[in-house]
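All remarks here apply to the structure that follows.
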Amino acid sequence: KFGAKTRSVVSCEALARWRCGDGVITPDKFIGLFEENGFILKLDFYMFELVCKTLREYIRGGIDPVPVAVNFSQIHIYEPDFPERLMEIITRYQIPPSYIEIEFTETAMSSDVALSVQTIQQLKQRGFTVAMDDFGSGYSNFRYLTEMRPDIIKIDRMFTANAMTHEFDYRQLVLFSEMVHSLNLSLCIEGTETKEELQRVSEMVPEYIQGYYFGRPCEKRAFERLIANQEHEIEK
């Protein structure tokens, strides 16, 4: 994610890729299967621990890391010990909770509103940042926002794409951004792919922007070079 004003990296998102021979299988091909067979629970915690391990490497090496967002399946909302398991892992790696963003999709949060509210409160009480991902892909019930109060609302990239070509959708997004700010929540607009889209998105005054215009998913080392170059530019 890039800061809308600074245009610099303010956080990143940990993405899973399944290497198979010389190719790579993307999450849309395997996440559904993993949610059906329950393996998603292992994958989510594996990704979370890998993020904590990487952050510890950065801190030990003198690198000031940016917060990392980790995606979690809706299944975790039904796990009563979910926040405690996260705390056990970050405590083991000595990672401050402020370095971690927990992302649930809008659909996941709306699967059980009462449990979602409870889970979000428990995570925020422990110092984690909580984001509602893919907003606009589900029911987009505004009541959820006032009840759940996640720290960050991430607009689904398909909703963003529609807003670039349909004035009605664009006006909806502008008005929604104003409402989000009035609730003291942060807005991240995903799917910003071109310079023209960036210009229109900037008119909505989001805190964060995410999309291929700024950068595509990359390997860990490439991201480290990006952060290093950014810090060098700031020093200059």
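The values are calculated or read from the model by the stated rules, or taken from the named source; none is laboratory data. Predicted model, so just to flag it, every value in this text is computed and none were measured. Cβ placement follows ideal geometry from the backbone for every residue including glycine, while neighbour counts extend to all protein chains displayed. We work out accessible area using only protein heavy atoms, side chains counted, and drop any ligands, DNA or RNA first. Shrake-Rupley method; radii C 1.70, N 1.55, O 1.52, S 1.80 Å.
With both bridge residues required to lie in the chain, what share of the DSSP beta bridges run antiparallel, to the nearest 5%?
Of all bridge pairs located within the chain, approximately 20 percent are antiparallel.
Summed over the residues of the chain and divided among them, the accessible surface reaches 54 Å² per residue at a probe radius of 1.4 Å. Classification of the chain by its C-alpha gyration tensor yields a rounded form. The axis ratio a/c (a ≥ b ≥ c) stays under 1.5. Between K42 and T26, the modelled label-to-label distance comes to 2.6 nm, taking each label 7 Å out from Cα in the direction of the beta carbon.
Taking max minus min of the alpha-carbon positions on each principal axis, the range 107-236 gives extents of 47, 40, 25 Å, largest first.
Charge dipole (Cα centre; +1 on Lys/Arg Cβ, -1 on Asp/Glu Cβ; no other charges) of the chain amounts to roughly 580 debye. Springs between Cα atoms under 10 Å define the GNM used for the chain, and in it the highest mean-square fluctuation of H76, H166, H181 occurs at H166. Result for the chain in a Gaussian network model with C-alpha springs under 10 Å: among T129, T119, T146, the largest mean-square fluctuation is at T146. How large, in percent, is the carbon and sulfur part of the accessible surface of the range 169-217 at a probe radius of 1.4 Å? So the carbon and sulfur contribution to the accessible surface is 47 percent. Using the structure shown, list the pairs from K29/K124; K5/K29; K29/K220 with a Cα-Cα distance above 28 Å, or answer none. Correct reply: K29/K124; K5/K29. Rounded to the nearest 500, the helix-only mean residue ellipticity at 222 nm of the chain stands at -15500 deg cm²/dmol, with each DSSP H run of n ≥ 4 adding -39,500 (n - 2.57).
Using per-residue counts of other Cβ atoms within 10 Å, averaged over each peptide, order 88-96, 213-221, 9-17 from highest down.
Most protected by this proxy first, the peptides run 9-17, 88-96, 213-221.
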